[in-house]
Amino acid sequence: MNVEDLRQAAQRRLPRSVFDYIDGGADGEVTLRENVRAFDDIAFRPRCAVETPPPDLRTTVLGTPIAMPIILAPVGSSRMFWPRGEEVAAAVAGATGTIYCLSTLSGCRLEDVKKSTPGPAWYQLYLCGGREVASATVQRARDVGYAALILTIDTAVAGLRERDLRNGAKELLTRRVGPMLPYVGQFLSRPQWLMQFFRDGGLMNFPNVMLADGPMPYADVGLALEQSTVTWKDLGWIREIWKGPIVIKGVHTGEDARRAVDEGAAAIVVSNHGGRQLDGVRATIQVLPEVIDAVAGRVEVLLDSGIRRGGDVAKALCLGARGVLVGRAYAYGLGAAGAAGVTRAIDILKSDLIRTMKLLGVRSVAELNRSYVEMIDRR
Ligand SMILES: Cc1cc2nc3c(=O)[nH]c(=O)nc-3n(C[C@H](O)[C@H](O)[C@H](O)COP(=O)(O)O)c2cc1C
């Protein structure tokens, strides 16, 4: 019925450490909860008794036409959720007429992912392995036709995901029986997942981070992230090798929004990484108006973090977002049932959005504006 059902289905199929990797957030998970809850503080102001033909969900993002204003966000290690997970999710995105964003921390080669979708794809860049390694990847992404490069700016270090540590994230990667033993039960209790995992080649590595001695192994990811912070200074050399549009993801304030525009970003994503990085930051939907004002129409503004229903998409659009990215909503679907699950996730959000627009009395996403929402003052 809804994304929460997909979440529970994913929980039933996936080992605890994989499910919690998707589901969890940083520290006390305050921002993770707030991202979702804050949408409840926004009320709709519908116009009733108007004709409601099937609403038009089509829009463009950076000039690319898409069938609906919902994009699949970069989600690292999707191959752990389902065999060849990134290719599977990209194929569904393309089939439904939207953009798939591929994470640097993918288990599938960026060329194979691009080939698997008939639609447009964006590449999300972390500077893992340093500038040379990242340059080579950017060139590969350019050669096979990724339409935009996303720079995620909110990962100076990986957030503290307590659930991952409790589930043995460190011990499981030692590949030594002793430390791993207390944590293997969670895999044995998910035999279907385990079988598919081994058939898909077992523990993935990162084929888009080609180090001197081959693809970056899975174990190195925490350290690699710490050493791969993107700074404003990097935009210079990146722009020399990437001539296409650059999207800055992880904007939390009007200040950074203005900075991104001044540095030449073509679009920005108001995102707190789904509450996985700095805990205690405000929900993105609360930050959106500040960013929209700061940007003053100079670039397109997208939003992610906390989208679980089509109504949330409508609220973000009313407050000025051009579109949204969804992470967990489709990752739960992928973990629950592969392509069928991702398809269902998108269907849920899309049909919610259509129904919401009809009930609001609007005929196209372009008509959504601030007059259709108000903030609820709970004081
Ligand atoms: C399991 C998981 C892995 C993620 N990996 C990445 C990543 O590799 N790069 C990135 O920029 N964002 C990553 N994100 C953040 C998403 O792109 C997006 O910002 C976030 O999921 C939005 O919040 P939502 O899950 O509430 O929709 C990840 C999110 C999840 C849930």
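The values are calculated or read from the model by the stated rules, or taken from the named source; none is laboratory data. Predicted model only: the values in this text are computed from it and were never measured. Note that each Cβ is placed from the backbone with ideal geometry, even for glycine, and that neighbours are counted across all protein chains shown. Ligands, DNA and RNA are excluded from the accessible area calculation, which covers all protein heavy atoms including side chains. Shrake-Rupley method; radii C 1.70, N 1.55, O 1.52, S 1.80 Å.
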Single residue of region 150-165 satisfying the filter (open to solvent by less than 40 Å² (accessible area, probe 1.4 Å) and outside any loop (DSSP other than H, G, I, E, B)) that is nearest to P120 (Cα to Cα): I150
Test: C108 is over 19 Å from G236 (Cβ atoms) and within 18 Å of the chain's Cα centre (by Cα): yes
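With in a loop (DSSP other than H, G, I, E, B), in contact (Cβ under 8 Å) with a residue 12 or more places away in the chain and either more than 15 Å from the ligand (Cβ to nearest atom) or touching a strand residue (DSSP E or B) at 6+ places or on another chain (Cβ under 9 Å) (or both) as the only criterion, which of G94, G76 stands out?
So the residue among G94, G76 that is in a loop (DSSP other than H, G, I, E, B), in contact (Cβ under 8 Å) with a residue 12 or more places away in the chain and either more than 15 Å from the ligand (Cβ to nearest atom) or touching a strand residue (DSSP E or B) at 6+ places or on another chain (Cβ under 9 Å) (or both) is G76.
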Count - residues of region 166-184 that are surrounded by fewer than 13 Cβ atoms within 10 Å (Cβ to Cβ) and either part of a loop (DSSP other than H, G, I, E, B) or among the hydroxyl-bearing types (S, T, Y) (or both): 3
Residues (within 13 Å of the ligand (Cβ to nearest atom), of a type in the set (K, R) and within 26 Å of A156 (Cβ to Cβ)) located in region 271-315: R276
Checking C101 against (1) modelled with pLDDT of 95 or more; (2) out of contact with any Cys (no Cβ under 8 Å at 6 or more places or on another chain); (3) within 14 Å of the ligand (Cβ to nearest atom); (4) assigned to a helix (DSSP H, G or I), the condition it does not meet: (4)
Qualifying residues in region 321-370 (those that are open to solvent by 40 Å² or more (accessible area, probe 1.4 Å) and in a loop (DSSP other than H, G, I, E, B)) - the one farthest from R47 (Cα to Cα): R322
Count of region 8-33 residues which are buried (at least 17 other Cβ atoms within 10 Å of the Cβ), of a type in the set (D, E, K, R), more than 11 Å from the ligand (Cβ to nearest atom) and in a helix (DSSP H, G or I): 2
G311 open to solvent by 10 Å² or more (accessible area, probe 1.4 Å) and either in contact with a Pro (Cβ under 9 Å, 6 or more places away or on another chain) or acidic (D, E) (or both): no
Filter pass, V373 being open to solvent by less than 10 Å² (accessible area, probe 1.4 Å), in contact (Cβ under 8 Å) with a residue 12 or more places away in the chain and among the β-branched types (V, I, T): no
Candidates P74, P53, P83, P69 - the one that is at pLDDT 95 or above and surrounded by fewer than 23 Cβ atoms within 10 Å (Cβ to Cβ): P83
Filter pass, I241 being closer than 23 Å to P74 by Cα and within 16 Å of the ligand (Cβ to nearest atom): no
Filtered residues of region 119-135 (kept if over 23 Å from I99 (Cα atoms) and in contact with a strand residue (DSSP E or B) (Cβ under 7 Å, 6 or more places away or on another chain)): C128, G129, V133
Answer residue from region 316-335, given it is of a type in the set (A, V, I, L, M) and farther than 12 Å from L349 by Cα and is nearest to the ligand (Cβ to nearest atom) among those: A331
Residue match in region 141-149 (condition: within 16 Å of the ligand (Cβ to nearest atom), among the hydrophobic types (A, V, I, L, M, F, W, C), assigned to a helix (DSSP H, G or I) and buried (at least 21 other Cβ atoms within 10 Å of the Cβ)): yes
Enumerated helices (runs of 4 or more DSSP H) restricted to region 194-304, each holding at least 2 residues that are closer than 22 Å to T59 by Cα and open to solvent by less than 50 Å² (accessible area, probe 1.4 Å): 284-295
